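Written out below as structure tokens is the structure these notes cover.
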Amino acid sequence: MDDDAMRRFPVPESDELPEDLQERISEETERAGFTPNVFSAFAYKPSHFRAFFEYHDALVDDTALEREEIEMIIVAVSGVNHCYYCNVAHGALVRIYAEDPLLADQLVANYRTADVSEKRMAMLDAAVKLTERPAAVGEDDFEKLREAGYSEEAIWDIGAVTSMFNLSNRMAMFADMRPNDEFHSLGRQPREE
């Protein structure tokens with residue numbers, strides 16, 4: 001685990017963590033080829049680590065959204081929130097899942113300029129509105145999502161992913177979590193035509 005995973009709280013030693021956290025971090029390290037710093041950072045408080053990653057896993061495993069849509073929401077929300085960690089880490093995941101080396105940068109800079117379908121723009125509009133002006137979200141926003149072709153379950157999932165990553169952005173910024181260097185280059189290879 002990287003001592004520089006976050007700057008405002010100490011990163012615990014791996015061998016001092018509860019066994020279930022060690023196992024989860026080891027699995028993620030093996031899968032990714034490195035330990036994403038969010039795992040090292042959230043290990044600071046094991047009960048919060050468990051709850052955070054259990055909910056994260058539910059959001060990506062039990063969803064009516066495509067994985068690239070989940071990551072697109074995360075990056076658009078993180079761009080609005082100026083969350084360095086999530087912009088970089090989830091930007092890499094957008095590039096990988098969408099197989100598009102440009103999309104994440106478009107979403108971070110200004111999601112409205114992203115080369116996405118009208119359907120996905122409706123999804124992003126809803127996510128950003130929930131992020132910036134949650135009290136302004138109303139029935140018309142739900143109707144726009146329905147008209148775009150999202151099911152009720154998918155609409156729920158859009159709200160759930162948006163809400164979770166607003167929390168994640170705020171914790172990453174509060175703790176000053178730093179993205180792994182590896183994330184910066186993942187998925188940057190040009191598309192093959």
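The values are calculated or read from the model by the stated rules, or taken from the named source; none is laboratory data. Nothing here was measured: the structure is a model prediction, and the numbers come from that model. Here Cβ is always computed from backbone atoms with ideal geometry, including for glycine, and neighbour counts include all displayed protein chains. Each accessible area value is taken on the protein alone, full model and side chains, heavy atoms only, with ligands, DNA and RNA left out. Shrake-Rupley method; radii C 1.70, N 1.55, O 1.52, S 1.80 Å.
A cut-off of 5 Å between modelled amide H atoms, ignoring neighbours fewer than 5 places along the same chain, links MET177 with ARG7.
Taking all Cα pairs closer than 8 Å and separated by 6 or more residues, the relative contact order of the stretch 1-61 comes to 35 percent.
Extending 7 Å from Cα along the Cβ direction at ASP176 and again at GLU54 yields two label points whose distance is 3.2 nm. When the surface is traced with a 1.4 Å probe over the full set of protein chains, SER185 keeps roughly 70 Å² accessible.
Taking only C-alpha pairs under 8 Å that are 6+ residues apart, what is the relative contact order of the stretch 121-161 in percent?
Numbers: 20 pairs, mean separation 18.1, N = 41.
Relative contact order comes out at 44 percent.
Averaging 1/r over each pair of different alpha-carbon atoms in the chain and inverting the result gives 17.2 Å, the Kirkwood hydrodynamic radius.
Compute the length gained on full extension between SER14 and PHE142: take 0.36 nm times their separation in residues and subtract their Cα-Cα distance, giving the result in nm to one decimal. Can you show the working numbers first?
Details: separation 128, 0.36 × 128 = 46.08 nm, distance 4.41 nm.
Computed gain between SER14 and PHE142 is 41.7 nm.
Solvent exposure of the chain amounts to 53 Å² per residue of accessible area, where only protein heavy atoms count and the probe is 1.4 Å. In the chain, helices alone account for a calculated mean residue ellipticity at 222 nm of -21000 deg cm²/dmol, with every DSSP H run of four or more residues adding -39,500 (n - 2.57).
Could you pull out which residues in the stretch 38-55 have an amide N less than 11 Å from a spot 7 Å beyond the Cα of ARG7, following the Cα-Cβ vector? Backbone N within reach: none found. The largest-to-smallest principal axis extents of the Cα set in the stretch 38-80 are 29, 25, 12 Å. Overall, the accessible surface of the chain at a probe of 1.4 angstrom is composed of carbon and sulfur to the extent of 49 percent.
The relative contact order of the stretch 40-193, computed from alpha carbon pairs under 8 Å that lie at least 6 residues apart in sequence, is 34 percent. On the beta carbon distance between LEU102 and SER26, with R0 = 41 Å, the FRET formula returns roughly 0.75.
Size of the dipole of the chain about the Cα centre, Lys and Arg at +1 and Asp and Glu at -1 on the beta carbon, nothing else charged, in debye to 20?
Values: 19 positive and 40 negative charges, 167 e Å.
The calculated dipole for the chain is roughly 800 debye.
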